[in-house]
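Worksheet for the structure shown next.
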Amino acid sequence: MADLHVTINREKGAIAGQVASELRASIRQGRLTPGTRLPASRDLAADLQVSRGVVVEAYEQLVAEGFLISRVGSGTQVAPVAAPPAPPPATGPEPHAPFYGHRPTSPDLGHFPRQRWLASVKHVLTTMPGDALDYGDPGGVPELREELAGYLRRVRAADVRPENLVIVGGVAQGLSLILRVLARDRRVRLAVEDPTSHRQEPLLRRAGADLFPVPVDDQGLDVARLPAADAVLLTPAHQYPTGVVLSPARRAALMEWVRQGDRVILEDDYDAEFRFDRDPVGCLQGLAPDRVILSGSVSKALAPGLRLGWVVAPAPLAEAVRRARGELDLGSPVVEQYALAHFLRTGGYDRHLRRMRREYHRRRDALVGALAEGLPEVRVRGIEAGLHVYLDLPDGWDEGRMAAAAVELGLSAEPVGIMRSAAGPPAVVVGFARLPARKAAEAVQGLKDIMSGHNVM
């Protein structure tokens, strides 16, 4: 029988709860092993100088939770399934390099407009009716849909009305919902850019799509090589990872392709907020609102953790996506939706984007200039936009080693090979959003030193 060491604080009250907590901790930490018989309630009560009812209540609570079992004639024992989990394997220390981002596409979250966002949150909590906190429309609160529709018409030349817009938890969820709707009867044959983000491929497949890679060149997706697919997913404003823009000729060819059959375009409005040399081209959805489904989010403009995005679709599809959202999780958090609506309506969103465009442009210029001076053999591809640069490496360079070297220096980088369906020339993607301009030359010098030491230059 176990010799229990239970400590109670009579001033705190809830004595039965304290006894149960002490026994629970002993079981979780392995001091009481499965099969151990506990003292009779009368005996433990005498040891603790409490009433027997206190111990009975503690034992009953742990029996109900599954930590103990109690059988007539056998007393109370620690349950067989109550063994503590095995300790995790030991790992080495984390590197202490400065860290400028989790992914090459990550924004600088240190510049999140906390005070202005807080003002919007305070405003909506002060003014919104109590009923607004109830379950709402799974398609999103009307105020946000109205503001976003106006914003997309004004800034992205979209052809959108609030009833065609559904609020979702980011582009990833939006794409998943769209594909689930399109894949009602069979799997969707989906053409995707090659190279493309390797992170979204499992999501697309789980949502019901079979993927068909289509090469990307300096004009964007090669429309002439599109297969007889049901749909195509692309990032025409700033292709990831190459950074190219879909050319006017390719846009026209894509419109012809989509109208040849019962097809749709899934447009990810990727990096449209951050073009530095000129205004971005309008979205494809504005050209063919009956055939294009537009997805976007505030993940780059504000923060990924807000999990706020949108889908713009033709009326029947928008309604189907709205129903699918309701069946999935009943919609996005309402306070954040009202806050974003207020942030848009009062101009806070536009002011923040203007400020961040200037800052990201400065950081990009610093990195590109440092690369031109320190590693002239490395070519920067893509337009002046977004939060990453695409680096073509010289023949013979190891893209994996280059990406690892960047990570060693605290940068965010990935080899392009993992994003391709077939082998290609070496290249890496490097994020600059969290790299201070003053650190660019130092980072490039570090890259040069590491790569020189691996005999690839």
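The values are calculated or read from the model by the stated rules, or taken from the named source; none is laboratory data. Keep in mind that what you see is a predicted model, and the values were worked out from it rather than measured. Backbone-built Cβ (ideal geometry, glycine too); neighbour counts: all protein chains shown. Heavy atoms of the whole protein, side chains included, go into the accessibility calculation; ligands, DNA and RNA do not. Shrake-Rupley method; radii C 1.70, N 1.55, O 1.52, S 1.80 Å.
Please give the helix 315-328 orientation as an angle from the longest Cα principal axis of the chain, in degrees from 0 to 90, rounded to the nearest 10.
20
To the nearest 10 degrees, how steep is helix 248-259 against the longest Cα principal axis of the chain, on a 0 to 90 scale?
Computed tilt is about 70 degrees.
For Met255 and Asp350 in the same chain, what is the full-extension length gain: residue separation times 0.36 nm, less their Cα-Cα distance, in nm?
Details: separation 95, 0.36 × 95 = 34.20 nm, distance 3.08 nm.
Residue separation times 0.36 nm, minus the Cα-Cα distance, leaves 31.1 nm.
Measure off 7 Å from each Cα along the Cα-to-Cβ vector at Arg186 and Arg358, then give the distance between these two points in nanometres to one decimal.
With each label placed 7 Å out from Cα toward Cβ, I get 5.5 nm.
What FRET efficiency, computed as 1/(1 + (r/R0)^6) with R0 = 25 Å and r the Cβ-Cβ distance, is obtained for Asp218 and His102, rounded to the nearest 0.05? Walk me through the intermediate numbers first.
On the way: r = 29 Å, r/R0 = 1.16.
E between Asp218 and His102, to the nearest 0.05, is 0.30.
Pairing the Cα long axis of helix 114-127 with the longest principal axis of the chain, what angle in degrees results, from 0 to 90 and rounded to the nearest 10?
For 114-127 against the chain, the angle is about 70 degrees.
Note down the nm distance, to one decimal, between modelled labels 7 Å out along Cα→Cβ at Val380 and at Asp365.
1.1
Under a plain spin-label model, where a point goes 7 Å from the Cα along Cα-to-Cβ, how far apart in nm are Glu373 and Asp43?
8.0
Considering Cα pairs under 8 angstrom that are at least six residues apart, work out the relative contact order of the chain and quote it in whole percent. Walk me through the numbers on the way to the answer.
Numbers: 809 pairs, mean separation 79.6, N = 457.
Averaging sequence separation for qualifying contacts and normalising by length gives 17 percent for the chain.
Could you give the length gained on full extension between Glu57 and Val407, defined as 0.36 nm per residue of separation minus the Cα-Cα distance, in nm? Mind showing how you got there, number by number?
Values: separation 350, 0.36 × 350 = 126.00 nm, distance 5.51 nm.
So the chain would gain 120.5 nm between Glu57 and Val407.
Keeping every protein chain present and rolling a 1.4 Å probe, give me the accessible area per residue for region 1-44 in Å².
On the way: 2690 Å² over 44 residues.
Heavy-atom accessible area per residue stands at 61 Å².
Report in % the part of the accessible area of the chain that belongs to carbon and sulfur, leaving out ligands and nucleic acids; probe 1.4 Å. Let's see the in-between values first.
Working: 11060 of 21720 Å².
C and S atoms contribute 51 percent here.
Express in nm, to one decimal, how much length is gained between Gln445 and Ala422 on full extension, taking 0.36 nm for each residue of separation and deducting their alpha carbon distance.
Values: separation 23, 0.36 × 23 = 8.28 nm, distance 3.14 nm.
Length gained between Gln445 and Ala422: 5.1 nm.
Dipole of region 257-385 (Lys/Arg Cβ +1, Asp/Glu Cβ -1, origin at the Cα centre): which of Leu330, Ala313, Ala272 lies farthest to the positive side?
So the residue furthest toward the plus end is Ala272.
So what are the radius of gyration and Dmax for the Cα set of the chain, in Å?
28.7, 88
Over the chain, what is the percentage of antiparallel beta bridges among all DSSP beta bridges, to the nearest 5?
The antiparallel fraction comes to roughly 60 percent.
Quick check for you: with a 1.4 Å probe and neighbouring chains kept, what is the accessible area per residue of region 298-457, in Å²?
Working: 6520 Å² over 160 residues.
About 41 Å² of surface per residue is accessible.
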